[in-house]
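Structure first, commentary second.
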Amino acid sequence: RRCNADSRLTYPLCLSICWFSSIAAMSKLWGGVGIHPLVEAYTVGEDYRIDGDHMLPYDLRASEAHAKMLGKIGVLTSEEVNTLEKALREIGDLWQAGNFEITRSQEDGHTAIEQYITEKYGEVGKKIHTGRSRNDQSMTMIRLYALDQLREARKLTEDLANAAKVKADLHQSVQMPGYTHMQRAMPTTVGTWLASFGCGWADSSQPLSAAISVLDQNPLGSAAGFGINGLKLDRNETTKQMGFARTQENPMYCGLSRGLFENIALQAMSLPVVLCSRFAADMMMFTQQETGFLALPDGFVTGSSIMPQKKNYDLFEIMRANGKVFGSLQLQVQETIVGLGSGYHRDLQCTKKAFVEACGLCISTLKLMLEAVPALKVREENLQAAMTADLFVTDEVYKRVAAGAPFREAYASAKEAFFKQKDEQETRSDSKRAKTTDDGKAS
């Protein structure tokens with residue numbers, strides 16, 4: 001029975017009836033057919049789309065390395081290896097052109113690759129899965145993706161640190177108010193403020209490098225987490241083929257590292273993202289009209305649909321929020337793996353979407369910052385006007401200390417002198433306003 005707009009049946013019930021009268025067009029790699037469509041939709045989730053959008057090139061790369069290794073140990077003939085390499089290149093070309101689709105019924109890219117090869121090239125497609133599981137296949141694919149993301153994040157972070165340093169050097173002597181508790185505190189310079197973030201981004205490259213070192217090991221060949229008995233795989237060969245630094249030797253640790261390694265990667269990425277979020281908070285304060293210390297060209301600001309005069313620094317509002325969004329995605333990965341025992345658990349599939357989103361957020365934030373920091377405009381007149389006497393009271397304390405006064409006495413006397421002078425100024429201002437008002441009434 002077909003579901004149609006006139007049916008009085010609810011959609012879930014309609015799906016159930018359709019299921020009982022048909023089976024999936026393609027079987028699963030695990031042999032199941034006719035799985036209930038609600039079960040399939042729930043368990044597959046967005047996994048097939050994530051593979052199609054992000055992971056397929058890494059799956060192809062791992063599959064090619066695996067095929068060459070199978071050829072080396074005699075499982076495949078040289079002709080079969082050549083056929084598989086050709087097929088994998090075809091899939092890659094189709095994917096690049098937007099013409100390789102992964103369907104929900106296939107569940108993931110692994111199935112789509114194997115089915116394409118089997119349908120087009122026959123028996124050799126049935127051999128490519130020899131010696132591996134979707135567990136280690138997925139781990140390897142995600143590991144390669146993660147390493148690419150970490151290396152790009154490190155490069156962007158280092159570039160951003162350099163960009164901040166260049167800009168800071170140009171404005172090293174331009175004074176600006178320093179703030180604590182969101183209140184004016186002591187004098188600093190634009191250069192010192194910018195360089196503080198530059199130093200943070202420079203240091204961020206170290207945990208990113210550490211994460212790369214941890215993740216740079218090959219899990220392929222661990223299969224379902226117990227290795228393969230009866231077939232001597234050359235795991236070091238696939239390590240060499242894929243460019244990993246080393247082989248992840250313990251097959252159960254391979255399985256245990258799923259999710260754990262993604263969490264390590266996101267923890268490392270969190271440092272530059274958090275710094276960007278804090279930079280964004282400063283920019284929201286320093287670009288508002290009440291301060292007007294800094295600005296960006298019009299290409300970086302948005303407007304209002306009702307207020308024609310508005311120039312909104314939305315990018316920094318979104319960036320400020322995205323620092324929290326990134327943290328929630330990292331925590332989602334971490335909380336998903338907390339409490340899981342060793343061995344594979346389907347829960348781990350739920351880490352993939354959050355991981356990919358977090359990586360994308362980190363990279364896009366750093367790319368935007370690399371455009372924004374060099375474009376910063378420093379409004380020196382506004383900054384100079386903001387350098388009022390209250391910023392220099394602490395300096396007055398230490399002048400008195402240098403003259404021999406104990407610190408606490410110097411602190412108390414400088415404080416008393418400042419507020420006395422402030423009260424006198426306010427009294428004079430009040431008197432002047434009152435006189436002006438009286439003169440106006442008399443006229």
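Screening Q149 on (1) open to solvent by 10 Å² or more (accessible area, probe 1.4 Å); (2) free of Cβ contacts under 8 Å to residues at least 24 places away in the same chain shows it passes everything except condition (2). Of the residues F286, F261, F244, F279, the single one that is of a type in the set (F, W, Y) and open to solvent by 10 Å² or more (accessible area, probe 1.4 Å) is F244. Of all the listed residues (R400, R433, R428, R408), the sole one being over 47 Å from the mean Cα position of the chain (by Cα), exposed (fewer than 11 other Cβ atoms within 10 Å of the Cβ) and either under 25 Å from L170 (Cα atoms) or modelled with pLDDT of 95 or more (or both) is R408. Against the conditions (1) crowded, with 16+ Cβ neighbours inside 10 Å; (2) in contact with a helix residue (DSSP H, G or I) (Cβ under 8 Å, 6 or more places away or on another chain); (3) touching a residue at least 24 places away in the same chain (Cβ under 8 Å), V81 satisfies every one except (3). Give region 31-66 a look and list any residue that's open to solvent by 10 Å² or more (accessible area, probe 1.4 Å) and among the hydroxyl-bearing types (S, T, Y), or say none. Listed by number, the residues that qualify are Y42, T43, Y48, Y58. Scanning region 138-184 for residues that are in a helix (DSSP H, G or I) and of a type in the set (G, A, S) returns S138, A146, A153, A161, A163, A164, A168.
When the test is whether a residue is among the acidic types (D, E), open to solvent by 10 Å² or more (accessible area, probe 1.4 Å) and touching a Gly at 6+ places or on another chain (Cβ under 7 Å), D169 passes it. Taking first residues from region 278-292 that are closer than 19 Å to A385 by Cα and partners that are open to solvent by 20 Å² or more (accessible area, probe 1.4 Å), the Cβ contacts under 6 Å between residues at least 6 apart in sequence or on separate chains come to T287/Y313; G292/R379; G292/N382. Residues that are of a type in the set (S, T, N, Q), farther than 30 Å from A358 by Cβ and in a helix (DSSP H, G or I) within region 50-103 comprise S78, N82, T83, listed in sequence order.
The values are calculated or read from the model by the stated rules, or taken from the named source; none is laboratory data. Note that the coordinates shown come from a computational prediction; the quantities given were computed from them, not determined experimentally. Quick reminder, even Gly has a Cβ in these numbers, built from the backbone with ideal geometry, and neighbours come from all protein chains shown. Heavy atoms of the whole protein, side chains included, go into the accessibility calculation; ligands, DNA and RNA do not. Shrake-Rupley method; radii C 1.70, N 1.55, O 1.52, S 1.80 Å.
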